[in-house]
1. Between helix A:3-23 and chain A, what is the angle of the helix's C-alpha long axis to the longest principal axis, kept within 0 to 90° and rounded to the nearest 10?
2. Could you check the spin-label model distance between A:His78 and A:Arg62? Points 7 Å from the Cα along Cα→Cβ, value in nm.
3. For chain B, which DSSP H helices look membrane-span-like by this rule: Cα extent along the axis of 15 Å or more and mean Kyte-Doolittle of at least -1.0?
4. Please list, in chain and number order, the residues 5+ apart from B:Thr214 or on another chain whose amide H is under 5 Å from its amide H, with Hs placed from the backbone.
5. Magnitude of the Cβ-charge dipole of the range A:91-207, K/R +1 and D/E -1, about the Cα centre, nearest 20 debye?
6. Label-point separation (nm) for B:Trp112 and B:Val129, each offset 7 Å from Cα along Cα-to-Cβ?
7. Between A:Glu199 and A:Arg181, what length comes free when the chain is fully extended (0.36 nm per residue of separation minus the Cα-Cα distance, one decimal in nm)?
8. Tell me the label-point distance for the pair A:Arg8, B:His242, using the 7 Å Cα-to-Cβ offset, in nm and rounded to one decimal.
Amino acid sequence: VSAPTLARALRLVDAAVARLETREAPALDRRRFLRAGGGALATALLAACNAQGPAGAQAVLRFAERRNERVERWLLRHTRMGAPLDRVPGGARDAGMSFPSYHIARVVPRWDAAARGPWALEIAGLVDRPQRLALDALVRLPQTQQRVNHYCVEGWNAVATFWGVRVRELARLAGARPEARYVDFQSFDDGYHESWDLESALHPQTIVAYAKDGRFLSPAYGAPARLHSPVKLGYKSTKYLTRVVFMAERNGGYWSDRGYEWFGGT
Amino acid sequence: VDRERLDSPAPAIMPRAAPPRHHWVVRLTHWVNVVAFSLMVASGLRIFNAYPAFHRRGEGFCCWPLEGTPAPRWLTFGGWLAGARHWHFAMMWVLVATGLVYVGFLWLHGEWRDLVPRRGDLRDAWQMVRYYAFARRDHPRQGKHNALQKGAYFVMPFVGAEIVLSGLAIWKPVTLGWLTALLGGYVWARWWHFAGMLTLVLLAVGHVFMVLSTDPYSLRSMLGGGYDASLSPEARNARPFHHLLPRWRARAAEDRP
């Protein structure tokens, strides 16, 4: 909207108000009020359209995010009677091939065994017994099968059945130390990673999945193994998994470092 | 007859300032709410635009005709998805706090009596509709608000509560899974959230239109609190933009006995 248009609009408002004033009690200085108020409002609206808001507000937003995180963690803990579990509503259909797939690398990441050796999942950090688990070793561990929702930060959800090992099981296997409060999930997808709070990582529905809808994962869906959980938004579930690192401090993440919420819980 | 009393001058009537039409708590929460609600709608539309549809992946959706159509960019706020989410999740506390203060005040201070529906309100509302449609000449008698207004103001806090609950159900579909299930699952919780927003926006747009077109003096009462009852729409027999209507309309109204 250009300045002359705005001026013309204000003159129109003025004319209307003048008419109102001549016909009714002219007690109020409406003309000046409307001009100033309308001008300020229009400017504010024009400035605000599709903007991120004033720079000073960002500190407030970060403060709110930290507060929200405390609320979210409290909620997760206090609905813990046997853990809040994701349930798929009756009648919901599997997404199947409509399940969106995505990665940050330019091409679909594939593990190059010739260059990097056979793939193995490393469990490291604050653990007593660091592990290197090949895919068949992973499959031999206690298996979990779950049909759950996948919640994307964009707002969609998709239903799929995943097979895998609970992160809880991996933590037990590797002997995670009590000082480990966070877990970083790292990948071979151009350095993509996301760190989690321990509670969410040890949630019974948080698994390292190697199969989806009855088949081993295809490269598009994160082969050979990916993290999956309904308790976090999709971007927290690292695909193309290589390392699970138990840590004392959080380690950010690909999207968390780019401005999305670090907690990203559901 | 007590002659002495009759002769004595009448007790002076002290000019007293009229009490404000709206308590300052109502005025404050109103304007805070204007800002917070606008930001919530605009940032919410930016979030919606990241997936401007309701269907679960691999399914269809029955009940939204514009499935897949994003909201116009100029209506959105937050710049990008993460920015809009931060605004949305910060401003929601302001909105909830103002809402609680407002409703709590109405309850404790008795103002709810101006809004709660009473017998005959439907009939009065119909008379207002007839009046605005020029099927009736005189403005129906009213209390603080006309029946249509009263209905709108009464419904707003309930729609607000519905939006807050469905919003929580979308925000925490697992930790508050019982709430999400109550609303029919995640897909329907999103729909309820959107439908509630649309309802409130329509009510708010209607409200602003009526204020500017029919009772501009009430703007002053919501700012400073003062309101001249002789300028009320009832006293002026005002319809939307009646001062802009052809003169014969207005004169006919002025000439009424």
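1. 50
2. 2.8
3. Numbers: long enough: B:24-49 (37 Å, 1.10); B:81-109 (41 Å, 1.12); B:121-132 (16 Å, -0.94); B:147-171 (36 Å, 1.24); B:186-213 (40 Å, 1.34).
Helices meeting the span and hydropathy rule in chain B are B:24-49, B:81-109, B:121-132, B:147-171, B:186-213.
4. B:Phe241
5. Working: 13 positive and 14 negative charges, 74 e Å.
Magnitude of the dipole: close to 360 debye.
6. 2.8
7. Values: separation 18, 0.36 × 18 = 6.48 nm, distance 0.83 nm.
Taking A:Glu199 through A:Arg181 to full extension adds about 5.7 nm, to one decimal.
8. 3.2
Readers should treat all values here as calculations from the given coordinates under stated rules, not as data from a laboratory. For clarity, every value in this text was computed on a predicted model and none was experimentally measured. Reconstructed Cβ throughout: ideal geometry from the backbone, glycine too, with neighbour counts over all protein chains shown.
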